[in-house]
Amino acid sequence: MKRTERVGAMLQILRENPNKTFSLGYFCDMFDCAKSSLSEDVSAAKRALEISGYGRIETSAGAKGGLKYIPSISKKAAENLLNDLEEMMGEKERILANGFLYISDIMFHPAIVKGVGQIFAKKFENCGADYVVTVETKGIPAALMTAEMLNLPLVVLRRESKISEGSTVSINYFAGSAERIQKMSLAKRAVKPRTKALIIDDFMRAGGSVRGISDMMREFDVEVMGVGVMIASKEPVKKKVSEYFPLMYLGTVDADNQIIDVEQNVQAIEEVFG
């Protein structure tokens, strides 16, 4: 294989396996080349990623060393994503009865949740989490994309326990501003004690669900290292959680006048990219 072909194949493999370490020998065997040649290939791949803004390659020495791809998203791409989200959420056709907003198509759009996952992964790449945790159902796609970018397992809390989960732990929590009591459960085998978790959710109103997930993690002796949410409601201002990272804010949905008060978190880009 020519160098350009080796670099292209290497980048493809690394980007398909973010945050997974590959030994130099793995690629030497695959390309049937010497380590000296591969080192030059790695340098070329590093430059390509730095120029394009699609992430970076980190190398480590030693017997267990190698190289891994750290995914990222450029500042411009992140800004475009939030602009698209703001425009899509502001479409008056999304307004449902009683002032609700239809956003399922956004939460399950592959390109959108992939970009969201890239932003969350960049924001929380050094948080030290062992798991990405969410509660079913609309938060799963964004949480899964974040987990993939960080190369972490995804843990999903259920609204109702399933027999296929084995033994479970269940808790009650207050959801929404109406303080409705709901239940969530988690299999005892899902997480290990004295580990760390990153919470990712789709929508936060009063923060009851995120608080419930945090309470569940405490039941398992798991430390919460951060909270990322795609959309946070402007009201109530005081949430049940004090620290969280939202991408969008949703205010009043005026069904009579077909007006949606939605805006992006202008500080999100600065927090992630500086």
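Just so it is clear, none of the values below were taken in a lab; they were calculated from the coordinates. From a predicted model like this one, the values you see are computed outputs, not experimental measurements. Glycine also receives a Cβ, built like all others from the backbone with ideal geometry; neighbour counts cover every protein chain displayed.
A cut-off of 5 Å between modelled amide H atoms, ignoring neighbours fewer than 5 places along the same chain, links GLN264 with TYR249. Beta bridges from DSSP with both residues in the stretch 75-273: antiparallel share about 40 percent, rounded to the nearest 5. Residues in the stretch 20-43 near a label at MET1, defined as backbone nitrogen under 16 Å from the 7 Å Cα→Cβ point? It comes to 22-43, nothing else. When CYS33, CYS127 are arranged by Cβ crowding within 10 Å, least crowded first, meaning fewest neighbours, the order is CYS127, CYS33. For the residue pairs LYS76/LYS114; LYS64/LYS138; LYS64/LYS188; LYS183/LYS239; LYS75/LYS234, the alpha carbons lie more than 27 Å apart in LYS64/LYS138; LYS64/LYS188. Put in order of Cβ neighbour count within 10 Å, fewest first, the listed residues SER104, SER242, SER185 become SER242, SER104, SER185. Here THR168, THR137 are placed in order of increasing Cβ neighbour count within 10 Å, fewest first, which gives THR137, THR168. Binned at 5 Å from 0, what are the whole-percent values of the Cα-Cα distance distribution for the chain, short to long? In order of increasing distance, the bins hold 1, 5, 11, 14, 15, 14, 12, 10, 7, 5, 3, 1, 0, 0 percent.
Taking 11 Å as the cut-off, the amide N atoms of the stretch 103-132 that come nearer than this to a point 7 Å along the Cα-to-beta-carbon line of GLU91 belong to 103-106. Looking only at ASN17, ASN80, ASN151, which one moves most when the chain is put into a Gaussian network model with springs between Cα atoms under 10 Å? Its mean-square fluctuation being the largest, the pick is ASN80. Rounded to the nearest 500, the 222 nm mean residue ellipticity of the chain from helices alone is -11500 deg cm²/dmol, with -39,500 (n - 2.57) taken per DSSP H run of at least 4 residues. Taking a straight line from the alpha carbon of LYS46, these aspartates and glutamates sit under 17 Å away, with near neighbours fewer than eight places off in the same chain left out: GLU5, GLU16, GLU58.
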